[in-house]
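Here is the structure we will look at, set down as structure tokens.
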Amino acid sequence: MQLQPQLQALAEKIGKLKEQIGTEESTKHAFVLPFINLLGYDTFKPTEVVPEFTADIGLKKGEKVDDAILQDGQPILIIECKHWKLDLDHHNSQLFRYFHTAKTRFALLTNGIEYRFFTDLEAKNKMDKKPFLEFDITLLKEHPITEIAKFHKSNFDVKQIVDNASALKYTKEIKKRI
């Protein structure tokens, strides 16, 4: 699996198209769904990728996360997509609400350019406030590509990703303090 050239091609496509992308839905179709496909998931197969995945919260019905990647009928990654021009810092809370109800271990907040992966290291079934992996697809370096590859359908292993997420999180904190 050669992920780097595929991610590079997607980054180039984003650079060429982004000024023509005027909506969140266009961002999702032009940038995010191709990323999901690069991870080996068929975005046209509803047993693998479910658009508008139901994430109802208590009495609040009709709550939907943009996409969910499924494995054996269960969500393994929920994805919330925003327009490519939006700052993701103001959208964690929406994904935080969905995370608990979707009963997944991983969540992705993206605007098609910035990608932020979250898990529940601090409290079980409660999304951490900070992502364990974040990158800008147009500025990709080798290390994030290795981490992205762990989410590929052929490599996906919850325990391995959670263990690695823990190491990434604490390494990032140590680097920040130094």
remark   = Quick numbers on segment 1-57, Rg and Dmax over C-alpha atoms in Å, give 13.1, 40
task = Order Asp120, Asp87, most accessible first, counting only protein heavy atoms with a 1.4 angstrom probe.
result = Asp87, Asp120
request  = Taking all protein chains together and a probe of 1.4 Å, list Arg97, Arg105 from the most accessible to the least accessible.
outcome  = Arg97, Arg105
Compactness of the chain, expressed as Rg and Dmax over alpha-carbon positions, Å = 15.5, 46
task = Would you mind computing, in nm to one decimal, how far apart the modelled labels at Thr138 and Gln2 are, each placed 7 Å from Cα along Cα→Cβ?
result = 2.5 nm
task = Compare the Cα positions of Phe44, Ile137, Ala11 along the charge dipole of the chain (+1 at Cβ of Lys, Arg; -1 at Cβ of Asp, Glu; about the Cα centre) and return the one farthest towards the positive end.
result = Ile137
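Could you work out the helix-only [θ] at 222 nm for the chain, with each DSSP H run of four or more residues adding -39,500 (n - 2.57) and the total divided by the number of residues, to the nearest 500 deg cm²/dmol? Provide the component values of the computation, followed by the final result.
Numbers: 6 runs with 64 residues, N = 178.
For the chain, the value works out to -11000 deg cm²/dmol.
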key: Total charge dipole magnitude, segment 37-118, about the Cα centre, Cβ charges on Lys, Arg, Asp, Glu only, Debye to nearest 20   = 220 debye
remark   = With the 8 Å Cα cutoff and a minimum separation of six or more residues, segment 76-131 has a relative contact order in percent of 36 percent
task = Return the sequence-ordered ³J(HN,Hα) values of segment 127-133 in whole Hz as given by the Karplus equation 6.51 cos²θ - 1.76 cosθ + 1.60 applied to θ = phi - 60°, using x for Gly and Pro.
result = 4, 4, 6, 10, x, 8, 9
message = Just to be sure I understand the model, the point goes 7 Å from the Cα along the line to the Cβ. What's the resulting Asn125 to Gln74 distance in nm?
response = 1.2 nm
inquiry  = Skipping prolines and chain starts, which residues have an amide H placed within reach, meaning under 5 Å, of the one on Leu70, given they are 5 or more residues away or on another chain?
reply    = Val49, Val50, Ile76
request  = Would you please give the residues with an amide H less than 5 Å from that of Leu133, counting only those at least 5 places away or on a separate chain, with H modeled from the backbone geometry?
outcome  = Phe117
query = Stretch Thr146-Glu52 to full length: gain in nm at 0.36 nm per residue minus the Cα-Cα span?
reply = 31.0 nm
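The values are calculated or read from the model by the stated rules, or taken from the named source; none is laboratory data. The model shown is predicted, which means the values in this text are computed figures rather than measured ones. Positions of Cβ are generated from backbone atoms using ideal geometry, with glycine treated the same way; all protein chains shown enter the neighbour counts. Heavy atoms of the whole protein, side chains included, go into the accessibility calculation; ligands, DNA and RNA do not. Shrake-Rupley method; radii C 1.70, N 1.55, O 1.52, S 1.80 Å.
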